[in-house]
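To start, the structure under review is shown below, and the notes come after it.
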Amino acid sequence: MKKEKDFHLSDPTWCRGCGLFGIFAALKKAAVTLDLDPEELVVVTGIGCHGRLNNHFKTYGFHALHGRTLPVASGVKLSNPFLPVIGISGDGDAYSIGLGHFIHALRRNISITYLVVDNRLYALTQGQTSPTSDMGYVSVSAPYGTKEFPLNGPRLALASGGTFIGRGFSGYPKQLAFLIEKGMAHKGFSFIEILSPCVTHNKVITTQWFRENIAQVEEDPKYDPKNRTEAWKKLSSEGKIPVGLIYIEDKPSYEDLVLPDKERPVVFNDLNLDIERYEKIIEKFQ
Amino acid sequence: MKKIGNKITDISVMIAGKAGDGVLFTGNVLAKILKRQGWWVSTYRDFPSNIRGEPTNYSIRASLEKVYGRADDVDVFMAFDCGAVIEHADKMAKGGILLCDGIGIAHIAPSRIDSRTYNIFPLRKLARENFKSEIYKNMIALGALSHILHLNFRVIEGIISEVFLERKGEKIVQENIRALRLGCQKAKEMVGTEDLHPLIERKDHGRLLLSGDEAIAMGALAAGCRYFAAYPICPATEIWQWLAVHFPGFNGLVVQTEDELAALNMALGASYAGARAMTSTSGPGGSLMMEAFSLAGMAEIPVVIAHVQRVGPSTGMPTKTEQSDLDQWVYGAHGEFPRIVLSPGTIEECFDFTIKAFNLADVYQCPVVLLTEQDYGQNLRTVRKFDMTKVKIDRGKLLSQDQLEGIRDYKRYRFTPDGVSSRALPGMKNGLHMVESNEHDEYGYRDEDSGNRIRMMQKRMKKLENAGKDLVPPKVWGDKESQIGIIGFGSTFGPIHEAIFQLKEEGIRAKYMQMKTLWPFPRKKVEEFLGSCEEVFIVENNFSGQLSRLIRSQIQVPFKIKNILNYSSQAFRPQEISAQIHKAVQ
């Protein structure tokens, strides 16, 4: 059994108080709880402050292009489904430049755990407005306030056929670890949005603001995450931001549906051809 | 048409009508009949990017010697409507015969003008009266052609039952054979013996009839590719469609992605995990892939991209041919990284180069582009059976688990004399590493130190310095002593060959260098060739002479290179080339 330090490659260099510290802690905790090995876990990240996770989280890592976390993660998972695969993006990565991939990954339902670190702005490039910035939010890219309405990731995920939708808060790493564990055990695509303050650029949406403005879904004992209508209502209601396991559904995963041989992943194929069988196919062209 | 004595040795049949008329079906069946009768077939389709209603024509050329492209003119012309006649009648050779359904306003009357015969042949009427369905017009047309070309009925019946028996049953097979006989009978009544074009029959030696797209797909399967991700696009989709049918039987996976960005990134993810992975695209799809093309270069991930060129820019003409994406793949994408661009000239080379591409990608850990064109991407040619014993798989410096365990301090991007580092796969013990889209150190971790940057850049760029031995050198054809040189790449292979033959008949000797690798540029060989010429013509299906520009950027040429360009959306006819050279050298 590994310990958290076995997943700790180096100390991160994020700004003091950054939400990513909590996320890093949650990831290590989940990896230990799930009894994973750094040499079997693949973590694909996008571009943004979250992308530095690969420099500190000791696993096989792939720091992809901006927005392309999911296609890379999908390629890894489909060619070797024995590997647990975590994809991590920021709100710009997932909801803006990579939005197309997000929707299709949800409907494909490949068993990848996808964490979207939402700080409501572009932190690495100095604080520009992002798709989750509030209407009127003033930033270097919108000095007179943005005139766009924000995007609701979990609600979009539900509409896109998501089978596991959670939301966590970087300030609650224990709950976040629990959500990641659940997500990684889920058959199919598990999506977890993580509310995570940017202490440097976002002076409005702070750690304190999040603490005051989030509500645990499990506080409502009648809330059933298997009920899609309730989940939709929960995600659409005004007021506090719902956090916790919002929706879960049992659906076949893409890899279970498409892979010809579940016991022998694509990467373990013997590449030498069965020539007789091959020639039989080619004969049709005679 | 070509003849030796009375024996026809080369003939061209055109079938034309509107999209939806079954022109492609009729032509494909005819092509298969001719192939089985021992002829070398080369088809040429000129279709709109539209399902129904717009004019379309399909030429089937058959020759007793190997042919790689369309002929200069048409000998037998089957028209489903008068519009087709108006558009293409001028392409008819002397001694040619035309059969036209004559629906709508009859633009032609049965006649013989300038030794070409024109007939009205009421395909639809015959189909309606005898079969109560116009769909049988295609078989009636084939029947008429079988009379004119002296085709073997047993061969045709065999093909008809292959096409229909499984899908539609015995009754439909019999109805089609009846339609075939009716067409043949009607043609017998109408066509005079002077208009017959009898073709001999000989052994076909189990040769294949297939397109370049299909050959690439077959090459991919033979090369051990088992992961294919792509987005639908003309004229590359046939690669995918063939793999989609056959991959599952070989434990392979084909994924339809949301766009070309995802296609190449997904292929890279799969390749990183250890699969031999590929994508295919064309036109604008290639532009979307430029982003991940750079990633493959930076992260040193092997991948094969088949790009079947179509007419651009923009959406252009999706079902027509051009060679205008050479620049895109030789120079495209952000930043600098090693890449290999191969250009097959024939269907056989589509197969061989695909296998080569996978080996090169693994050995040099870089993206390899197979640059082909709609012309031989979608058109069919007779090819010899592939020699499967020649298929060799070389995965380069890919480590096994045992090898990896013997390495102390494994570095994925270790500085090595040849620039290529050994590759571990995720999930392996003792191989932990990072794959970075950022500049990185030997372990793969982000590193912005300028000293490291210089060394890493040199490491990557030197990978191809000594790749020459593994690349496909240009090949010189024709009269090697001649001082008139022609250079081309891709589909111009066929028309240039025939142009050389035509020039020879006119007393002009020429030689031809076929470029098979566009990048890394085979400088020495091209320099040698240029040095042996006094006059050079570069033949390309584009406006600006992209190959010509590439050559001039690499070599100081002491004389003016002449470009022979065609950006009409159509492949060259041999005479377009020979006539221009003839004119220039006289």
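The values are calculated or read from the model by the stated rules, or taken from the named source; none is laboratory data. As the structure is a computational prediction, the values presented were derived from the model and not from experiment. Glycine also receives a Cβ, built like all others from the backbone with ideal geometry; neighbour counts cover every protein chain displayed. These area figures cover heavy atoms from the full protein model, side chains too; ligands, DNA and RNA do not enter into them. Shrake-Rupley method; radii C 1.70, N 1.55, O 1.52, S 1.80 Å.
Table for the structure above
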item: Distance violations [Cα-Cα > 27 Å] among B:K411/B:K525; B:K475/B:K560; A:K147/A:K203; A:K29/A:K77; A:K182/B:K411; result: B:K411/B:K525; A:K182/B:K411
item: Chain B - percent relative contact order, Cα under 8 Å, separation 6 or more; result: 11 percent
item: Helical mean residue ellipticity (222 nm; -39500 (n - 2.57) per DSSP H run of 4+; nearest 500) of chain B; result: -11500 deg cm²/dmol
item: Normalised alpha carbon radius of gyration of segment A:212-286 [divisor 2.2 N^0.38 Å]; result: 2.15
item: Cα centre as origin, Lys/Arg/Asp/Glu Cβ charges: the protein assembly as shown dipole, Debye; result: 720 debye
item: Amide proton proximity set for A:T132, modelled H, under 5 Å, gap of 5+; result: A:L151
item: Rounded, prolate or oblate (a/c below 1.5 giving rounded, otherwise prolate when a/b exceeds b/c) for segment B:247-382 by Cα gyration tensor; result: rounded
item: Whole-percent carbon and sulfur share, accessible surface of segment A:1-155, 1.4 Å; result: 55 percent
item: Residue order for B:R523, B:R116 - accessible surface, 1.4 angstrom probe, largest first; result: B:R523, B:R116
item: Heavy atoms of B:V476 accessible to a 1.4 Å probe, total area in Å² rounded to 10; result: 40 Å²
item: Dipole magnitude (debye, nearest 20) for chain B, charges at Cβ of Lys, Arg, Asp, Glu; result: 1240 debye
item: Shielding by partners, peptide B:217-223 (average Cβ within 10 angstrom, other chains); result: 2
item: Rounded FRET efficiency, nearest 0.05, which uses the C-beta distance separating A:K226 from A:F149 and R0 of 51 Å; result: 0.95
item: Peptides ranked, highest mean first, by Cβ atoms within 10 Å: ranges A:121-130, A:12-21; result: A:121-130, A:12-21
item: Integer Hz, Karplus 6.51/-1.76/1.60 couplings in order for segment A:187-202, x for Gly and Pro; result: 7, x, 7, 10, 10, 10, 8, 10, 6, 8, x, 9, 6, 7, 9, 9
item: Residue-level accessible surface for A:D35, protein heavy atoms, 1.4 Å, Å²; result: 90 Å²
item: Mean projection area, nm², convex hull over Cα of segment A:178-233; result: 5.5 nm²
item: Convex hull volume of segment A:1-55 per residue (C-alpha atoms, cubic angstrom); result: 78 Å³
item: Two-site label geometry, B:F25 and A:D274: point separation in nm, points 7 Å out along Cα→Cβ; result: 3.4 nm
item: Diffusion constant of segment A:101-192 at 37 °C, which comes from Stokes-Einstein with the Kirkwood Cα-pair radius and 0.692 mPa s, µm²/s; result: 229 µm²/s
item: Shielding by partners, peptide B:251-257 (average Cβ within 10 angstrom, other chains); result: 6
item: For residues of B:385-396, the mean tally of beta carbons on other chains within 10 Å; result: 2
item: Per residue, the convex hull volume that the Cα atoms of chain B enclose (Å³); result: 162 Å³
item: Values of log10 I(q)/I(0), in the order q = 0.07 Å⁻¹, for the protein assembly as shown under a Debye, Cα-only, solvent-free model; result: -0.64
item: Dipole moment magnitude, nearest 20 debye, segment B:360-490 about Cα centre, only Lys, Arg, Asp, Glu C-beta charged; result: 380 debye
item: Sorted peptide list for B:223-234, B:537-548, criterion being average Cβ within 10 angstrom, highest first; result: B:223-234, B:537-548
item: Lys/Arg +1, Asp/Glu -1 at C-beta; segment A:109-190 dipole; positive extreme among A:P150, A:V116, A:G127; result: A:V116
item: Accessible area buried at the A-B interface, both sides summed, 1.4 Å probe (Å², nearest 100); result: 5100 Å²
item: Residue-averaged 222 nm ellipticity for chain A, from DSSP H runs of 4+ at -39500 (n - 2.57), nearest 500; result: -8500 deg cm²/dmol
item: Amide proton proximity set for B:T319, modelled H, under 5 Å, gap of 5+; result: B:S49
item: Cα-based convex hull volume of chain A per residue, rounded to whole Å³; result: 157 Å³
item: Overall form of segment B:302-384 per C-alpha gyration tensor (a/c, 1.5; a/b vs b/c); result: oblate
item: Reciprocal mean inverse distance between Cα atoms of segment B:497-586 - Kirkwood radius, Å; result: 13.9 Å
item: Prolate/oblate/rounded call for segment B:220-281, Cα gyration tensor, a/c under 1.5 rounded; result: oblate
item: Solvent-accessible area per residue, Å², over chain A with all protein chains present [probe radius 1.4 Å]; result: 42 Å²
